[in-house]
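Colleague: Below is a structure I'd like to ask you about.
The values are calculated or read from the model by the stated rules, or taken from the named source; none is laboratory data. Computed from a predicted structure; not experimentally measured. Neighbour counts run over all protein chains shown; Cβ positions are idealised from the backbone, glycine included. Accessible surface is based on the protein model in full, side chains and every heavy atom, while ligands, DNA and RNA are left aside. Shrake-Rupley method; radii C 1.70, N 1.55, O 1.52, S 1.80 Å.
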Amino acid sequence: MTSLLVALIWALALAFVAAMLWWLYRQPPEVTLTRELPRAGFSGGEVPLTVRLGLRSRLPVRYTLEDPTPGSVVPRAAVNFAGDVLGERQSEHHTQVMLNRRGEFDWPGATLRWADPLGLFWRSRPLNEPTRLDVFPGTHGLLLPDLLRPLLSEGGLSRTLGLEDALSLRGAREYVSGDPPGRIHWRLSARQAGEPGGGLMVRELERTAASSLTVYLDTSAGNDVYLESAVRLASSLITEGLALGLPVSLATAGAQTPTGRGEDAAQAALLALAQARLTPGVSPRVLPPRSGSNLIILTMLGGPVLTEQAMRARATASRVTILALPEGFYLEPGENPRRQWAAVPDTVRDLERQAGALAAAGILVFVLRGNQSVLRLGV
């Protein structure tokens, strides 16, 4: 009887302790969670991520915290915290996150789990710390950007104003301190070396009149492979235009980002590319660009509607260029071989047949074949 009474007393004591633990640990510890990472990044790259966790508790607490990233933002090391806390505790987690796909990504939120020191009763609570990351499309990694300048400029030659045209040669002069080594005319320098006062000679280039750049992305027809390739090409052109000091803008059907040289214009154009989606059934609508602008249209199939829109845009644009990227016929520079079709679509062939007439109206037509680089278009 005595042993039964002792057992009952112990059971009541344990039940009392468990009840007290359950009651005392109903409320979570005070917690602060912050994430530090760049506002935006480029697809295919990595950005640093720092997660800071602050905990405060008047009771000893066991805790774990998991902070998953969005599906296409993959951390090098999973963000997890675990341990015990009594009083205050600060923890940090540093890692790199890989950006696998373009788009806008919001963090799903962290989950805090806590329990008494014995681990008898675990509870959980979501932590919503709003965090957003814009992933811009990657670029083609354009080589020899000087060859791209004739395509991005208005094309008018000048001796003093605008961008230097790497394809032109105005003359040569003696080298002066500060001239880039790549400008040295080695053959002429060797010829001059044997003459009195001879020395290094550098090439003097013509200049092409700089203009603003508007890239129009046709999303009315095509497939996902075309869209991703066209988005990367548009990102390359926008990035290169900014590097050359040109005001840039990105246009889609009926919408256009503000034109400018600064960070705001660049962010707006690249964000529009990050958000780009196919809009089948929506007719192309090329808004008239600013007066004197250079308009580049990226399309998969072309077609009479797009050609008509290009001719209307030519009324205000200094020059219009249509770049056709037929899927199954075009490889990105450096892309691994994949299935290629035998011929371009009929609409693209029609565009090629009209190229002469369109050129007379100031509209240039290029069809990219195989792994042909867009840089060749400037030649």
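Colleague: Could you tell me which residue of segment 116-135 is modelled with the highest pLDDT, considering only residues that are surrounded by 15 or more Cβ atoms within 10 Å (Cβ to Cβ) and assigned to a loop (DSSP other than H, G, I, E, B)?
Modeller: 131
Colleague: Considering only segment 287-302, I want to know if a residue exists there that is under 10 Å from residue 220 (Cβ atoms), in contact with a helix residue (DSSP H, G or I) (Cβ under 8 Å, 6 or more places away or on another chain), hydrophobic (A, V, I, L, M, F, W, C) and open to solvent by 10 Å² or more (accessible area, probe 1.4 Å).
Modeller: Our first condition is that a residue be under 10 Å from residue 220 (Cβ atoms); within segment 287-302, this holds for 299-301.
Subsequent filtering for residues that are in contact with a helix residue (DSSP H, G or I) (Cβ under 8 Å, 6 or more places away or on another chain) retains 299-301.
Applying the additional criterion that residues be hydrophobic (A, V, I, L, M, F, W, C) yields 300-301.
Now drop any that are not open to solvent by 10 Å² or more (accessible area, probe 1.4 Å), which leaves 300-301.
Taking every residue of segment 287-302 in turn, at least one turns out to be under 10 Å from residue 220 (Cβ atoms), in contact with a helix residue (DSSP H, G or I) (Cβ under 8 Å, 6 or more places away or on another chain), hydrophobic (A, V, I, L, M, F, W, C) and open to solvent by 10 Å² or more (accessible area, probe 1.4 Å).
Colleague: OK, next. Would you confirm, using the coordinates I've provided, whether residue 295 is in contact with a strand residue (DSSP E or B) (Cβ under 6 Å, 6 or more places away or on another chain) and either more than 21 Å from residue 345 (Cα to Cα) or at pLDDT 90 or above (or both)?
Modeller: Yes.
Colleague: Could we say that residue 58 is without any contact (Cβ under 8 Å) to a residue 60 or more places away in the chain and within 30 Å of residue 119 (Cα to Cα) here?
Modeller: Yes, satisfied.
Colleague: So which residues in segment 6-40 are hydrophobic (A, V, I, L, M, F, W, C) and open to solvent by 100 Å² or more (accessible area, probe 1.4 Å), if there are any at all?
Modeller: 10, 12, 14, 16, 22, 23 - these are the residues of segment 6-40 that are hydrophobic (A, V, I, L, M, F, W, C) and open to solvent by 100 Å² or more (accessible area, probe 1.4 Å).
Colleague: Residue under question is residue 89, and the condition is that it be under 41 Å from the mean Cα position of the chain (by Cα) and surrounded by 13 or more Cβ atoms within 10 Å (Cβ to Cβ); does it hold?
Modeller: yes
Colleague: On the basis of being within 22 Å of residue 101 (Cα to Cα) and either of a type in the set (Ser, Thr, Tyr) or in contact with a His (Cβ under 6 Å, 6 or more places away or on another chain) (or both), does residue 252 make the cut?
Modeller: For residue 252, the condition - within 22 Å of residue 101 (Cα to Cα) and either of a type in the set (Ser, Thr, Tyr) or in contact with a His (Cβ under 6 Å, 6 or more places away or on another chain) (or both) - is met.
Colleague: Tell me which residues, restricted to segment 232-246, are small (Gly, Ala, Ser) and open to solvent by 40 Å² or more (accessible area, probe 1.4 Å).
Modeller: Once the filter is applied, which keeps residues that are small (Gly, Ala, Ser) and open to solvent by 40 Å² or more (accessible area, probe 1.4 Å), segment 232-246 yields only 243.
Colleague: What residue, of 229, 220, 283, 249, is modelled with pLDDT of 90 or more and either open to solvent by less than 10 Å² (accessible area, probe 1.4 Å) or not hydrophobic (A, V, I, L, M, F, W, C) (or both)? Steps first, please.
Modeller: On the way: 229 fails: modelled with pLDDT of 90 or more; 220 fails: modelled with pLDDT of 90 or more; 283 fails: modelled with pLDDT of 90 or more.
Selected residue: 249, the only one of 229, 220, 283, 249 that is modelled with pLDDT of 90 or more and either open to solvent by less than 10 Å² (accessible area, probe 1.4 Å) or not hydrophobic (A, V, I, L, M, F, W, C) (or both).
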